[in-house]
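*Asks:* Pasting in a structure now, in structure tokens, and then I'll have a few things to ask.
The values are calculated or read from the model by the stated rules, or taken from the named source; none is laboratory data. Keep in mind the model is a prediction, meaning the values are calculated, not measured. All Cβ positions, glycine included, derive from the backbone under ideal geometry; neighbour counts span all protein chains shown. Remember, those area values only see protein heavy atoms, side chains included, never the ligands or the DNA or RNA. Shrake-Rupley method; radii C 1.70, N 1.55, O 1.52, S 1.80 Å.
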Amino acid sequence: MGSYKLFDIIGPRMIGPSSSHTAGAARLGNVASRILGNQVRTAEITLYGSFAQTGKGHGTDKAIIAGLLGFAPDDLRIRNAYQEARKRGMKVQMVLSTQEMPHPNTARIRAEGANGLRIDMVGVSLGGAVIEVRQLNGMDVAFRCEYPTLLVFHQDQPGVIRQVTEVLENAQANIAFMRVFRNAKRKDACMIIETDDPIPPESIRAIQNLKPVIREVCTL
């Protein structure tokens, strides 16, 4: 018999019956909100596969909305997510799709913030409240937010990675994982850096000041 951690048996703290359909869904919504970096005004949420088939019963729709509102997976307000969204003036459209996806617990979140910024994110819930973002604004990516995560959107050109990692080195930040994704050579790219500890705010500002090649920076 294999060994199990206590978390594997008890599961995460959450509201709802399923760590994948409820807690994971709330985390997906929360990540989308944090990447957007602004109060969500409108959201179109598309559920696929098992999310679409059983999501209503498991509260997947409510959980994603609650995540977009900034609620944690164990927040009691998840149960009244639609009402909470209306209180804040958030307009929500929920779509149940029959399109087949590589993973059964897939959601697409298109959202617009009060400042007019938009995000188009595709993510999956892997179970045990573990998630993975697989597409961001049309770009294929892969990150799970299990560590403090830094997203650096930039133009693909020589020297950018070196400049960013030099800032992190000066901050004594230890990089656990790092991957770079791009749409095409010398076009839009995204640097995903996971660190052992949160990046200091002054280092974030230093990376943001590496313009014009750095277009946007957000922390998760």
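*Asks:* Here is a list: 80, 115. Which entry is at pLDDT 95 or above and over 18 Å from residue 48 (Cα atoms)?
*Replies:* 80
*Asks:* Sticking with this one: For the range 209-220, which residues satisfy the criterion of being surrounded by fewer than 14 Cβ atoms within 10 Å (Cβ to Cβ) and at pLDDT 95 or above?
*Replies:* 209
Here is a yes/no grid of residues against (1) open to solvent by 60 Å² or more (accessible area, probe 1.4 Å); (2) modelled with pLDDT under 95; (3) not in a loop (DSSP other than H, G, I, E, B):
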{"site": "141", "(1), (2), (3)": "no, no, yes"}
{"site": "147", "(1), (2), (3)": "yes, no, no"}
{"site": "154", "(1), (2), (3)": "no, no, yes"}
{"site": "169", "(1), (2), (3)": "yes, no, yes"}
{"site": "172", "(1), (2), (3)": "yes, no, no"}
{"site": "178", "(1), (2), (3)": "yes, no, yes"}
{"site": "186", "(1), (2), (3)": "yes, yes, no"}
{"site": "190", "(1), (2), (3)": "no, no, yes"}
{"site": "193", "(1), (2), (3)": "no, no, yes"}
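*Asks:* Pairs please, first residue from the range 24-53 and at positive phi, second anywhere and surrounded by fewer than 22 Cβ atoms within 10 Å (Cβ to Cβ), Cβ atoms under 8 Å, 6+ apart in sequence or on different chains.
*Replies:* Sorted first by the residue in the range 24-53, then by its partner, the pairs are 37/113; 37/117; 37/218; 49/100; 49/101; 49/103; 49/104.
*Asks:* Can you say whether residue 132 is on the phi < 0 side of the Ramachandran plot, touching a His at 6+ places or on another chain (Cβ under 9 Å) and either among the charged types (D, E, K, R) or open to solvent by less than 30 Å² (accessible area, probe 1.4 Å) (or both), as far as the supplied structure shows?
*Replies:* yes
*Asks:* Only one of (1) out of contact with any Asp or Glu (no Cβ under 6 Å at 6 or more places or on another chain); (2) open to solvent by 40 Å² or more (accessible area, probe 1.4 Å); (3) closer than 18 Å to residue 43 by Cα is not met by residue 110, so which one is it?
*Replies:* With (1) out of contact with any Asp or Glu (no Cβ under 6 Å at 6 or more places or on another chain); (2) open to solvent by 40 Å² or more (accessible area, probe 1.4 Å); (3) closer than 18 Å to residue 43 by Cα applied to residue 110, the lone miss is (1).
*Asks:* Look at residue 107 and say whether it is at pLDDT below 95, in contact with a strand residue (DSSP E or B) (Cβ under 6 Å, 6 or more places away or on another chain) and on the phi < 0 side of the Ramachandran plot.
*Replies:* Considered against the rule, which asks whether it is at pLDDT below 95, in contact with a strand residue (DSSP E or B) (Cβ under 6 Å, 6 or more places away or on another chain) and on the phi < 0 side of the Ramachandran plot, residue 107 comes out as no.
*Asks:* Now for a different question. Going by what's in this entry, would residue 70 be described as in contact (Cβ under 8 Å) with a residue 12 or more places away in the chain, open to solvent by 30 Å² or more (accessible area, probe 1.4 Å) and more than 24 Å from residue 187 (Cα to Cα)?
*Replies:* Yes: the conditions hold for residue 70.
*Asks:* Just one of the numbered conditions (1) in contact (Cβ under 8 Å) with a residue 60 or more places away in the chain; (2) farther than 19 Å from residue 54 by Cα; (3) not aliphatic (A, V, I, L, M) is not true of residue 132; which one?
*Replies:* Every condition holds for residue 132 apart from (1).
*Asks:* Please count how many residues of the range 35-55 are farther than 17 Å from residue 84 by Cα and crowded, with 18+ Cβ neighbours inside 10 Å.
*Replies:* 10
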